[in-house]
Amino acid sequence: MASLRIGVVGAGIIGLAVARRLTELRPDAVVTVLEKERQIASHQTGRNSGVVHAGIYYTPGSLKAQLCRRGAGLLRAYCDERGLPFSECGKLVVALDAGEVERLRELERRAQENGVPGMRRLNRDELREVEPHAVGIAGLHSPTTAITDYRAVAEAFADDVEEAGGTVALGAEVSRIAVAGTTARVTAAGEVLEFDRLVVCAGLQSDRVSRLAGDAREPTIVPFRGEYYRLTAGREDLVRGLLYPVPDPAYPFLGVHFTRRIAGGVDVGPNAVLALAREGYRRRDVRLADLAETLSSPGFRAHARKHWRAGAHELRGSLLKRAFAAEASRYVPELSAADLVSAPAGVRAQAVDPDGTLVDDFRIRRIGPVTAVRNAPSPGATSSMAIAELVAGTALDD
């Protein structure tokens, strides 16, 4: 009997985690990862903040909540096993006023239902014990929220795939997928490959690649660039771990926060502005075809009508460093614009439904022999090994 042929599109952390899991479930299979770039983890994975989320924010019972908790545990065990960096620096969510205290209570309820360990509500004085330079009237502390190096994790996953006999093919951009019965014929870098199962984990290109396989047009990926600053040398002690605002449910993004990095230093941000290219990491990165596709999307237009004020606020922070610094200094009053230097940006692949709603949960679809990951935003990296369990099981289910 011929070996099962399985293809995975995308060598980010989720695609590689799925490929690794497939080699575990079907060691007899021939697993091939197709990546359009010349190195793995080139986009969201390699530009990730490195946070290993504990599951505070997510609606109890949602895929995000379930897979984040399981994924964080699997990831910690994997990092320990492979000697990869993993630091439980902790996260403090700070409320600045009475209205935010009410929302903080809701976060605490969600965290309890999601089984987040060690959560503790703090008063004004207690939060200063965790973050001496922070201000607020209340806080919620998650001591097990951690940081890691997701590029290093992805590289380890790739090594596992290859050691199991799989292949990670770089520079192999998928241009065509033809589904015929139980077979997917994939054209990548001019070569035609046949697979009995195909998994699409294409990140910023996930909607386009999924449509090649016959999936629905929506949800559409809208690229949002997250622009960061970094605390200057000598000012990193302003923040010990992770310092976050209380999310506003009426606002589509989290807002400016402070993230200690596993390699040292503290990033501040991001703000979120529309990227003018799917992979537009700089303001000058413009791809007219990408921009036209975004602007013509019913989902994006509906979203822009609902949230244009929030978008204008984010754009102001993008263009004016002092405005960005003023937002950050609400949590750390000692911080000034002089304490910030530019840091590398990332682009978030945000799926948007036709009514303008940002797709909040993970979304996975099956189209014949093809399984498509259509939405995997934060905590996607945290959840990668748990997502891989779900996706690999779905792909192999007859």
Built amide H within the under 5 Å cut-off of Leu122, gap 5+: Gly139, Leu140, His141
Taking θ as phi - 60°, what are the ³J(HN,Hα) couplings along region 382-388 by the Karplus curve (6.51, -1.76, 1.60), each to the nearest whole Hz, with x for Gly and Pro? 3, 8, 3, 6, 6, 4, 4
Computed [θ] at 222 nm, helices only, for the chain once each DSSP H run of length n ≥ 4 contributes -39500 (n - 2.57): -10500 deg cm²/dmol
With springs only between Cα atoms under 10 Å apart, run a GNM on the chain and tell me which of Asn123, Asn375, Asn271 wobbles the most. Asn123
Nearby aspartates and glutamates by direct alpha-carbon distance to Lys321 (threshold 13 angstrom, same-chain neighbours under 8 apart not counted): Glu227, Asp339
Simple Cβ-charge dipole of the chain, Lys/Arg +1 and Asp/Glu -1, about Cα centre, in debye nearest 20: 960 debye
Go ahead and set up a Gaussian network model of the chain, Cα springs under 10 Å, then flag whichever of Arg261, Arg230, Arg283 fluctuates most. Arg283
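So if I average 1/r over every pair of distinct C-alpha atoms in region 126-208 and take the inverse, what Kirkwood radius in Å does that give?
By the Kirkwood definition, the hydrodynamic radius is 17.4 Å.
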Directionally averaged shadow of region 208-284, computed from the convex hull of its alpha-carbon atoms, nm²: 7.7 nm²
Picking from Pro223, Leu238, Pro249, whose Cα lies most toward the positive end of the charge dipole for region 188-280 (charges on Cβ: Lys, Arg +1; Asp, Glu -1)? Leu238
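In the chain, what percent of the accessible surface is made up of carbon and sulfur (1.4 Å probe, ligands and nucleic acids excluded)?
After summing per-atom areas, the C and S share lands at 50 percent.
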Please sort by residue number the trypsin sites (Lys or Arg not before Pro) in region 23-95 whose DSSP state is loop and whose Cβ has at most 13 other Cβ atoms within 10 Å. Arg38
Relative contact order [Cα under 8 Å, 6+ residues apart], the chain, whole percent: 24 percent
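Can you give me the accessible area per residue for the chain, using a 1.4 Å probe, in Å²?
41 Å²
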3J(HN,Hα) from dihedral phi, region 49-58, Karplus parametrisation 6.51/-1.76/1.60, rounded to Hz, x for glycine, proline: 5, x, 6, 9, 6, 8, x, 5, 8, 8
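To the nearest 20 debye, what is the magnitude of the charge dipole of region 267-345 about its Cα centre, counting +1 on the Cβ of each Lys and Arg and -1 on the Cβ of each Asp and Glu? All intermediate terms of the calculation are to be shown ahead of the outcome.
Details: 13 positive and 9 negative charges, 80 e Å.
It comes to approximately 380 debye.
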May I ask which residue of Tyr331, Gly317, His303 lies farthest towards the positive end of the charge dipole of region 296-335, with charges of +1 (Lys, Arg) and -1 (Asp, Glu) on Cβ and the Cα centre as origin? His303
Which residues qualify? For Val200, with a placed amide H closer than 5 Å and at least 5 residues away or on another chain, they are Val9, Thr371, Ala372, Val373
In a shell of Cβ-Cβ distance under 9 Å around Arg278, excluding Arg278 itself, what net charge do Lys and Arg (+1) and Asp and Glu (-1) give? -1
Return P(r) of the chain (all Cα-Cα pairs; 20 Å bins starting at 0; whole %; ordered from short to long distances). 28, 58, 14, 0
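Taking 20 °C and 1.002 mPa s as the conditions, I'd like the Stokes-Einstein D for region 1-159 in µm²/s, using the Kirkwood hydrodynamic radius from alpha carbon pairs.
Working: Rh = 17.7 Å.
In µm²/s, the coefficient rounds to 121.
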Between Ala337 and Ala169, what is the label-point separation in nm under the 7 Å Cα-to-beta-carbon projection? 5.1 nm
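Give me the Kirkwood hydrodynamic radius of region 303-378, using the inverse of the mean 1/r over all pairs of distinct Cα atoms, in Å to one decimal. Could you put the intermediate results ahead of the total?
On the way: mean 1/r = 0.0640 Å⁻¹.
Computed over region 303-378, the radius equals 15.6 Å.
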Can you tell me what the convex hull of the Cα atoms of region 99-156 projects to on average, as an area in nm²? 5.5 nm²
In the P(r) worked out for region 213-360, what percent of Cα pairs fall beyond 22 Å? 43 percent
Please give me the summed charge of the neighbours of Val373: other residues whose Cβ is under 10 Å from its Cβ, Lys and Arg +1, Asp and Glu -1. +3
Based on Cβ point charges of +1 for Lys and Arg and -1 for Asp and Glu, what charge dipole magnitude is obtained for region 72-133 about its Cα centre, in debye rounded to the nearest 20? 120 debye
For region 230-240, Karplus couplings with θ = phi - 60° (6.51, -1.76, 1.60), whole Hz, Gly/Pro x: 10, 5, 5, 4, x, 10, 5, 6, 5, 9, 8
Excluding Gly55 itself, calculate the net charge of residues whose Cβ lies under 12 Å from the Cβ of Gly55, where each Lys or Arg counts +1 and each Asp or Glu counts -1. +4
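The values are calculated or read from the model by the stated rules, or taken from the named source; none is laboratory data. No experiment lies behind these values; they were computed from the predicted model shown. No Cβ is skipped: glycine too gets one built from the backbone with ideal geometry, and neighbour counts run over all protein chains shown. Side chains included, ligands, DNA and RNA excluded: accessible areas come from the protein's heavy atoms. Shrake-Rupley method; radii C 1.70, N 1.55, O 1.52, S 1.80 Å.
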